[in-house]
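Here the structure is laid out as C-alpha cells; the discussion comes afterwards.
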Amino acid sequence: MKPSVESLQAIETAIQIEKDGLEFYTTAAGQTTDPSGKKMFQSLARDEAVHLKLFEAVRESLLKDGTWLSPEQVAAIGPQRLARPPVFPTKEEIKAVQVPERELAALQRGIQAEEDSISFYSGARDKTDDPDGKALYSYLIEQEEGHRTILQGEYDYLTNTGFWFDIREFDLEAIS
C-alpha cells in the first residue's frame, strides 16, 4: 500500500525536527561549562540522533513497502535506558556554581522545543489511521515528554524552583 502524501510529509517534518534537536543539544553541550549540564545535553543529543535514525527507517519502510515499522522494530531502534548516569549536581556543587544565563536560556529553549515536538507528534498521531503509525508517534511523544521533564528538572534545580522547603519534589534518576 502506498503511503499518503500527508504521512510522508509528517515523517519529513519529524526528520527535520530531530536534526534540529540534534544540532541544538550538541551545540548546547559544547557551550555548557558545567560537567553535569554537559552530560545532560550530550545524552539528549544521543537520543535525538536515535530518533533521527528511527524516522529515517520509517521513511524507508513507507517508501519501500508502504508499511510503518512495528512497535517491536521501533523498540529495537529506540534509545536504550538501562542505566541513567547521575545528571544533577549535589546541593553543595550547585551552591558553589554561578549558572550562566546562556545555560538557563538553553534549558528554556530546549523545554519549548520539546513541547513543540510533543504537539507536532500528537497531531501526526491523531491524523494517521495506521495502528503502527499511532504506536510510533505515541512512543516518540513519551520520549519527548521524558526530555522535557529532564530539562525542566534541571532548570528548576539550577534556579532553586523545584524544591518545597528545600526538599526535591521528584527524582528524575528513576526515569527509565
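Take the residues in the range 131-176 that are within 30 Å of Ala10 (Cα to Cα) and out of contact with any helix residue (DSSP H, G or I) (no Cβ under 8 Å at 6 or more places or on another chain), then tell me which one is modelled with the lowest pLDDT.
Among them, the one singled out is Ser176.
I want to confirm something. Restricting to the range 117-146 and keeping residues that are within 19 Å of Glu48 (Cβ to Cβ) and either touching a residue at least 40 places away in the same chain (Cβ under 8 Å) or not in a helix (DSSP H, G or I) (or both), which single residue is farthest from the chain's Cα centre (by Cα)?
Only one residue fits best here, namely Ala124.
Listed here are the residues, each with its yes/no results for (1) loosely packed, with under 13 Cβ neighbours inside 10 Å; (2) more than 14 Å from the chain's Cα centre (by Cα); (3) modelled with pLDDT under 90.
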site: Leu62; (1), (2), (3): no, yes, no
site: Ala76; (1), (2), (3): yes, yes, yes
site: Gln80; (1), (2), (3): yes, no, yes
site: Ala83; (1), (2), (3): yes, yes, yes
site: Phe88; (1), (2), (3): no, yes, yes
site: Val97; (1), (2), (3): no, yes, yes
site: Ala105; (1), (2), (3): yes, yes, yes
site: Ile111; (1), (2), (3): no, no, no
site: Glu114; (1), (2), (3): no, no, no
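Are there any pairs, at least 6 apart or on different chains, whose C-beta atoms fall under 9 Å, with the first in the range 33-53 and assigned to a helix (DSSP H, G or I) and the second of a type in the set (Lys, Arg) and at pLDDT below 90, and if so, which?
Final answer for the pair search is Ser43/Arg84.
The values are calculated or read from the model by the stated rules, or taken from the named source; none is laboratory data. Predicted, not measured: the structure shown is a model, and the values here were computed from it. Positions of Cβ are generated from backbone atoms using ideal geometry, with glycine treated the same way; all protein chains shown enter the neighbour counts.
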